[in-house]
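In what follows, a single structure is set out as structure tokens and then discussed.
The values are calculated or read from the model by the stated rules, or taken from the named source; none is laboratory data. As the structure is a prediction and not an experimental result, all values here were calculated from the model. Methodologically, a virtual Cβ is constructed for each residue, glycine included, from the backbone with ideal geometry; neighbour enumeration extends over all protein chains shown.
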Amino acid sequence: MIEIKAMRIELSGFALKELDLFIMDGEFFILLGPTGSGKTLLLEAIAGIVPVTSGRILLKGRDITNLTPEQRNIGIMYQDYALFPHLTVFENIIFGLRYHNKREQNALKKWVEWLINQLELRPLAGRSIRYLSGGEKQRIALARALAVKPSLLLLDEPLSALDQNFREEIRELLKMLHKEMKITFLMVTHDFSEALFLGDRTAILNRGEIEQIGALSEVFTRPETPFTANFVGMKNIFQATFKGKKARTNGMELNLDSPPGKNRGYIAFRAEDVLINKEDMTGDGRNVFQGKISDIIDRGPYYDVAATSGKLMFKAVLSKSDLVQLGLPAKKEVRIIIPSSAIHVL
Amino acid sequence: MKAGRHPDPFLWLTVFCSLSVVIFILFPLTEMIFQPSLQDLKETICDRDVLRSIWLSIFTSGIAAIISFIFGTPFAYLLARKDFFGKKLVESIIDLPVMIPHPVVGIAILGLAGKNHWLGHIMSNLGIRVMGTVTGIVIVLTFVGMPFYINTAKAGFEAVPVRLENVARSLGASFTGTFLRVTLPLAWRSMLAGIIMCCARAISEFGAVIIVAYHPMVAPVMIYERFTAYGLKYSQPVAVWLIMVSLILFLLLRVVSISGKEQA
């Protein structure tokens, strides 16, 4: 298990603000955040490549804050694979073996054999790493990092440089390997669907600060800040004041399912939950507004639609058939329907 | 389309200028190589003084390159990897020897070596003499050659992604182990190219050497002496032999850098 206590990093152009993080043994933890949020910096600090300004890092109860990278037994995998170009595939994989004593080496050799078979690298073993596909390279990088049985494996956007089909392949592999081995994974990504597929818990990082920590499903359904809400795909976010089971925003009133807790200031809901219709569909728990379609963007399988009512602009998603049914010449009067159960208060 | 049939005047201008430059470089050199007769060349190379001076040039340049390699490698690595306050200034300092007029370099070194200077005093007590010695020659050649080694090696280190080193460290390799197993195998070509450039630069040095040591005579000083004492005809064969040495270095450099590119 890894514990980060009041860690701070200050660089000339960027600072990681004081943060606490706790990752359990065998967990697949995901660090989510946009580019420039400090994710890679946090990883490199855990790996010992970047020195921390203050705070401590504990791995299995041992303080590793001042240890060099090679003393930590923490593996790191980069988006660009970072394979050694002067070595063959096999030499890359066994790079770290010689830093173990003879007895450990014998055990690790068997383990490496298993890895090579699992990752289907046998046919590539003697080849140079040039001219390999991205998927092959990332499999080699994975084998190389796992070969020394690290206590923790850090993955820095391991899927983002890959083509779609390789991405799915490596994603499955990561999931399989994590299940088979009892190694803790800490993966950085900006892709929420990737995170949902692989991860147990997550921390959302924004501008060097953690916005929210929790189980992925919880962060997905109950974001605590507007940033997180937007990040997990709640495209409609409005500042609001509350009174009983009603939320007021920009002079409009929306019904909520239950009265909100204290210190709440926003309502948020997904574009997928916004309905657009010609007729009135009044009913229980429905907020219905008269409005106009202001923008339609073709996304291939679906349309992104913006509809305005009063001062508010709602973002919705419509299928092709929905759009046909609406018979929409743009600017036509429509009803915008938001189920109260879809409205999340934060 | 029209440009295809009537090439742009600018194109003609570039062709003309490029040819002029190539001729400007090659014409004097080839003329000089072919002017001395084979007989002259043979006699010159059998002249013990000439042989000794060429050998001294190669020897002192080689030592200068080795010193640059030993002290310059860690420095070049530091410059390639670390950002620190005043880095730009340090980089400019390294380039200084390239900018300073060569006799000035010689005078500056001699100024330190004189008995009036505390450093010269210490050195003379230790029995180290600079004026008119091989030691003096090696010192000025290192001074002028060092920037070429450092800059080339630095570029080589910069071309090795720092992430490769990070991964090596995370796999258990120490700082030294990482340098020897990852950085060095990927940067040795640049380091070798730097050594060759440093050598080539040192072999061609004249201005600084003649101030510090007229004797023992390195090849460029010998050429100068033959020219002033006996005239053009007697200096040319020595020059040809020196050019041969430089050309061999130059060819080595090309071979090293070209096969390096193919591998990258």
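Being touching an Asp or Glu at 6+ places or on another chain (Cβ under 9 Å) and free of Cβ contacts under 8 Å to residues at least 60 places away in the same chain, is that true of even one residue in the stretch A:102-117?
First, pick out the residues of the stretch A:102-117 that are touching an Asp or Glu at 6+ places or on another chain (Cβ under 9 Å): none.
No, the stretch A:102-117 contains no residue that is touching an Asp or Glu at 6+ places or on another chain (Cβ under 9 Å) and free of Cβ contacts under 8 Å to residues at least 60 places away in the same chain.
Here's a check for you: in the stretch A:120-139, which residue that is touching a residue at least 40 places away in the same chain (Cβ under 8 Å) and farther than 14 Å from A:LEU174 by Cβ is surrounded by the most Cβ atoms within 10 Å (Cβ to Cβ)?
Checking each candidate, the answer is A:LYS137.
Which ranges mark the strands (runs of 3 or more DSSP E) fully within the stretch A:200-259 that have 1 or more residues being among the polar types (S, T, N, Q) and surrounded by 15 or more Cβ atoms within 10 Å (Cβ to Cβ)?
The qualifying strands (runs of 3 or more DSSP E) are A:201-206, A:209-215, A:236-239, A:246-249, A:252-255.
Among the residues of the stretch B:126-145, are any within 14 Å of chain A (Cβ to nearest Cβ), outside any helix (DSSP H, G or I) and of a type in the set (S, T, N, Q)?
The answer is no; no qualifying residue exists.
Conditions tested, residue by residue: (1) of a type in the set (Gly, Ala, Ser); (2) at pLDDT 95 or above; (3) within 13 Å of B:VAL238 (Cβ to Cβ).
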| position | (1), (2), (3) |
| --- | --- |
| B:PRO36 | no, no, yes |
| B:ASP49 | no, no, yes |
| B:THR60 | no, yes, no |
| B:ALA64 | yes, yes, no |
| B:ILE67 | no, yes, no |
| B:GLY72 | yes, yes, no |
| B:ALA80 | yes, yes, no |
| B:PHE84 | no, no, no |
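Report the residue count in the stretch A:30-54 for those that are of a type in the set (A, V, I, L, M, F, W, C) and within 14 Å of another protein chain (Cβ to nearest Cβ).
So the answer is 7.
Taking helices (runs of 4 or more DSSP H) that do not extend beyond the stretch B:155-203, which have at least 3 residues that are more than 7 Å from chain A (Cβ to nearest Cβ) and surrounded by 23 or more Cβ atoms within 10 Å (Cβ to Cβ)? Break it down stepwise before answering.
Numbers: elements: B:162-170, B:175-178, B:184-203.
Passing ranges, in order: B:184-203.
Taking the stated definitions as given, is B:GLU225 of a type in the set (Asp, Glu) and part of a helix (DSSP H, G or I)?
Details: of a type in the set (Asp, Glu): yes; part of a helix (DSSP H, G or I): yes.
Judged against the criteria, B:GLU225 is a match.
Restricting to the stretch A:328-346, what's the tally of residues that are touching a residue at least 24 places away in the same chain (Cβ under 8 Å) and more than 25 Å from A:PRO260 (Cα to Cα)? First the steps, then the outcome.
Narrowing the stretch A:328-346 to residues touching a residue at least 24 places away in the same chain (Cβ under 8 Å): A:328, A:330-346.
Applying the additional criterion that residues be more than 25 Å from A:PRO260 (Cα to Cα) yields A:328, A:330-335.
Looking only at that region, the number is 7.
Of everything in the stretch A:60-86, what is more than 9 Å from chain B (Cβ to nearest Cβ), among the hydrophobic types (A, V, I, L, M, F, W, C) and crowded, with 16+ Cβ neighbours inside 10 Å? Give them in sequence order.
Selection gives A:ILE64 alone.
Let's see how each residue does on (1) outside the structural domain of A:LYS245 (by TED's automatic domain parsing); (2) part of a strand (DSSP E or B); (3) within 29 Å of the chain's Cα centre (by Cα):
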residue: A:THR308; (1), (2), (3): no, yes, no
residue: A:LYS315; (1), (2), (3): no, yes, yes
residue: A:LEU318; (1), (2), (3): no, yes, yes
residue: A:ASP322; (1), (2), (3): no, no, no
residue: A:GLN325; (1), (2), (3): no, no, no
residue: A:VAL334; (1), (2), (3): no, yes, no
residue: A:ILE337; (1), (2), (3): no, yes, no
residue: A:SER341; (1), (2), (3): no, no, yes
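Can you say whether A:PHE95 is among the aromatic types (Phe, Trp, Tyr) and either at the interface with another protein chain (Cβ under 9 Å from one of its Cβ atoms) or part of a helix (DSSP H, G or I) (or both), as far as the supplied structure shows? If you could, list the steps in order and put the result at the bottom.
Numbers: among the aromatic types (Phe, Trp, Tyr): yes; either at the interface with another protein chain (Cβ under 9 Å from one of its Cβ atoms) or part of a helix (DSSP H, G or I) (or both): yes.
Yes, satisfied.
Among the listed residues A:SER193, A:SER160, identify the single one that is in a helix (DSSP H, G or I), in the same structural domain as A:PHE14 (by TED's automatic domain parsing), within 12 Å of the chain's Cα centre (by Cα) and surrounded by fewer than 17 Cβ atoms within 10 Å (Cβ to Cβ).
Selected residue: A:SER193, the only one of A:SER193, A:SER160 that is in a helix (DSSP H, G or I), in the same structural domain as A:PHE14 (by TED's automatic domain parsing), within 12 Å of the chain's Cα centre (by Cα) and surrounded by fewer than 17 Cβ atoms within 10 Å (Cβ to Cβ).
Pairs please, first residue from the stretch B:71-92 and among the β-branched types (Val, Ile, Thr), second anywhere and surrounded by 14 or more Cβ atoms within 10 Å (Cβ to Cβ) and not in a helix (DSSP H, G or I), Cβ atoms under 6 Å, 6+ apart in sequence or on different chains.
Here the result reads none, with nothing in the stretch B:71-92 linked to a residue that is surrounded by 14 or more Cβ atoms within 10 Å (Cβ to Cβ) and not in a helix (DSSP H, G or I).
Any residue that is basic (Lys, Arg) and surrounded by 10 or more Cβ atoms within 10 Å (Cβ to Cβ) - is there at least one of those in the stretch B:5-23?
no
Can you give me the number of residues within the stretch A:29-78 that are outside any loop (DSSP other than H, G, I, E, B), of a type in the set (A, V, I, L, M, F, W, C), within 25 Å of A:PHE95 (Cα to Cα) and touching an Asp or Glu at 6+ places or on another chain (Cβ under 6 Å)?
1
Identify, from the list A:ASN101, A:ASN106, A:ASN117, the residue that is away from every other protein chain (no Cβ under 13 Å), closer than 15 Å to A:VAL148 by Cβ and loosely packed, with under 15 Cβ neighbours inside 10 Å.
A:ASN106
Going by the conditions given, is A:ILE57 under 21 Å from A:THR184 (Cα atoms) and within 13 Å of chain B (Cβ to nearest Cβ)?
In short, no.
Looking at the structure I just gave you, is B:ASP40 touching a residue at least 40 places away in the same chain (Cβ under 8 Å), surrounded by 10 or more Cβ atoms within 10 Å (Cβ to Cβ) and either over 30 Å from B:TYR224 (Cα atoms) or under 20 Å from the mean Cα position of the chain (by Cα) (or both)? Full working, then the answer.
Details: touching a residue at least 40 places away in the same chain (Cβ under 8 Å): yes; surrounded by 10 or more Cβ atoms within 10 Å (Cβ to Cβ): yes; either over 30 Å from B:TYR224 (Cα atoms) or under 20 Å from the mean Cα position of the chain (by Cα) (or both): no.
For B:ASP40, the condition - touching a residue at least 40 places away in the same chain (Cβ under 8 Å), surrounded by 10 or more Cβ atoms within 10 Å (Cβ to Cβ) and either over 30 Å from B:TYR224 (Cα atoms) or under 20 Å from the mean Cα position of the chain (by Cα) (or both) - is not met.
So which residues in the stretch A:132-164 are modelled with pLDDT under 90 and within 13 Å of chain B (Cβ to nearest Cβ)?
A:ALA161
I'd like to verify a number: residues in the stretch B:72-103 that are in a loop (DSSP other than H, G, I, E, B) and of a type in the set (Gly, Ala, Ser), how many? Walk me through how you get there before you give the answer.
As a first pass, look at the stretch B:72-103 and keep what is in a loop (DSSP other than H, G, I, E, B): B:82-86, B:100-101.
Retained after the next criterion (residues that are of a type in the set (Gly, Ala, Ser)): B:86.
Qualifying residue count, the stretch B:72-103: 1.
For the stretch B:45-70, what are the residues that are among the charged types (D, E, K, R) and either in contact with a helix residue (DSSP H, G or I) (Cβ under 7 Å, 6 or more places away or on another chain) or in a helix (DSSP H, G or I) (or both)? Please lay out each step first, then the result.
Taking the stretch B:45-70 and keeping what is among the charged types (D, E, K, R), we get B:47-49, B:52.
Within the stretch B:45-70, B:ARG48, B:ASP49, B:ARG52 meet the criteria.
Any chance the stretch A:11-21 includes a residue that's within 14 Å of chain B (Cβ to nearest Cβ) and crowded, with 23+ Cβ neighbours inside 10 Å?
No: the stretch A:11-21 contains no residue that is within 14 Å of chain B (Cβ to nearest Cβ) and crowded, with 23+ Cβ neighbours inside 10 Å.
Please work out which one of (1) free of Cβ contacts under 8 Å to residues at least 24 places away in the same chain; (2) exposed (fewer than 14 other Cβ atoms within 10 Å of the Cβ) is the condition A:LYS311 fails and give its number.
The number of the failed condition is (1).
If I filter the stretch B:199-256 down to residues being closer than 13 Å to B:ILE137 by Cα and among the aromatic types (Phe, Trp, Tyr), which single residue comes out as nearest to the chain's Cα centre (by Cα)?
B:PHE206
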